[in-house]
Amino acid sequence: MDNLNVKQVMSQIANVDRKAIQTKLQEELTDSPYKMVVLDDDPTGIQTVHGVSVYTDWEKSSIQAGFREDNRIFFILTNSRGFTESETKTCHEEIAERVQAVSVEEGIPYVIISRGDSTLRGHYPLETETLKQTIEAHSNSRFDGEVIMPFFKEGGRLTINNVHYVQDGERLIPAGETEFAKDRTFGFNASHLGEWIEEKTAGKYTKEHTIYISLDDLRNQRVDHIKKQLLEADDFQKVVVNAVGYEDVEVFSTAFMQAVKEGKHFICRSAAALTKVLGGVSDKGLLTRDELVTKNSQNGGLIAVGSHVKKTTEQLNHLLESGLVKGIEFDVHLVQDAEKFKRETDRVRLACEEAIKNGESVVYYTRRERLDLGDDMQEEELKQSIKISDAVTSIVRDLQVQPSYIVAKGGITSSSIGTIGLSVKRAEVAGQIKPGIPVWKTGQESKFPGAAYVIFPGNVGQPETLKEAVEVLEGK
């Protein structure tokens, strides 16, 4: 497939009256009794919202609290991208059963959104199939369709002519030709979303039988036609939504809510854009230092980098070269010797503590070369990677001094640090420090109550974006 040029694509898209679109959507949402329940497979799915709750467990009491909030939307952090298939299945069975039970008890209907990676990685179709089967087993509901919408403008993920693209500078590269498609756990070949569905479902759902919501219909606001397509969905039929801007999501969401009100049942598998729009979350400017850092704190900040994707390493290098923070490399290859690894973990933590107490901000980062034990040692490699993740998290968990801010780079890293390192049970999303880079305000139950916790996805931003985010936090 050919690469596309971003400017050319955008110049070909006609201007639309977004205010009129938003007014129409607001009418649908205002009258809607539906709660949007978002299951987030890592903490980065809140990268477009603010003022909403994230629950880090799926106990029934947490789900009840989410349903009882005035907000139209709440998030449950599953972190399932770091799970095995069996763990993922169990987790989604438990959530589906509890969400359905709470919905009945509270008398509030819901739409469930499985928020996945905008570069198409994750446990698909396992997660949505499990949700479908479990909810259908515990109710009279039958799902007519599944909406597939990986569009995420802030990260440069656009869907055009049913092909999903990842932006790299001024180029748009088909997703199947990126490094993300070569993921050792969640790899794929197809960039055309109909073909991707067929590939992932092993032919159970075909590209020919997929419903496609076109950019032409979205741009010309053919809400009735799009609703008609949705009303025709049957037997969990897949619905692929093209999008290059938020106005496309808003037009689709208007038709979607109309179809739902007419009795159609869908599960959504989307990136972060759809959650913001269906949740009725308003736009908000980027967060400032005054909103993030406690004024009277004399301590330095802490940045943890675990992600190994190419973009993360580029961003880390820019940060280190800037001289803004002190760098400490964590030699995680010592994991194969338990005693040496413990000494190395303690060394890194103590060095971080000393810097923070002295008012110096610090970044600790895992050694950039991946631990590769060979193709016949993948199970052992997985065990070692879990030990590494635990050690990276333990540095925050055992920290004896409170940093003025905390940044975690990478989805799995930020999830572990948030839930285990910081012991967060419920957080409020404060907003974003940079486009697509969300910030939690930690709850009173956490290790550092009310702290700003920046969740920086591994695959978002340009090479200098991590440095720029730290500049905001440092007041530079």
- Hey, can you rank 15-23, 112-120, 150-158, 420-428 by average C-beta count inside 10 Å, highest first? 112-120, 150-158, 420-428, 15-23
- Item | Alpha-carbon centroid distance for the pair the stretch 288-349 / the stretch 419-437, whole angstrom | 18 Å
- Mean separation of Cα pairs under 8 Å and 6+ residues apart, divided by the residue count of the stretch 4-278: what relative contact order is that in percent? 25 percent
- FRET efficiency for Glu85 and Lys19, Cβ-Cβ distance as r, R0 = 30 Å, nearest 0.05? 0.10
- Query: Quick one: which of Lys342/Lys409; Lys7/Lys441; Lys227/Lys425 span more than 32 angstrom between C-alpha atoms?
  - Reply: Lys7/Lys441; Lys227/Lys425
- Task: Among DSSP beta bridges whose residues both lie in the stretch 4-278, state the antiparallel percentage, nearest 5.
- Result: 30 percent
- For the chain, what are the DSSP H helices with axial Cα length of 15 Å or more and mean Kyte-Doolittle hydropathy of at least 0.0? 246-261
- Item | Approximate spin-label separation Glu329-Arg347, in nm, with each point projected 7 Å along Cα-to-Cβ | 1.1 nm
- Message: For a protection proxy built on the mean count of beta-carbon atoms within 10 angstrom, sort 281-290, 404-413, 168-177 highest first, please.
- Response: 404-413, 168-177, 281-290
- Message: Antiparallel versus total DSSP beta bridges in the stretch 289-474: what percent is that, nearest 5?
- Response: 35 percent
- Which value in deg cm²/dmol, rounded to the nearest 500, describes the helix-derived mean residue ellipticity at 222 nm for the chain, given -39,500 (n - 2.57) per DSSP H run of n ≥ 4 and division by the residue count? -11500 deg cm²/dmol
- Beta bridges by DSSP in the chain, antiparallel share as percent, to the nearest 5: 35 percent
- Over 29 Å between C-alpha atoms is what I'm after, so list which of Lys261/Lys434; Lys383/Lys434; Lys60/Lys261 land there. Lys261/Lys434; Lys383/Lys434
- Message: What does the extension gain come out to for Asn189 and Glu59, with contour length at 0.36 nm per residue minus their alpha carbon separation?
- Response: 43.1 nm
- Percent relative contact order for the stretch 289-474, counting Cα pairs under 8 Å at least six residues apart, stands at 30 percent
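Any read-out appearing in this document is the output of simple, stated calculations on the displayed coordinates, not a laboratory observation. Predicted, not measured: the structure shown is a model, and the values here were computed from it. So basically every Cβ, Gly included, is an ideal-geometry build from the backbone, and we count neighbours across all protein chains shown.
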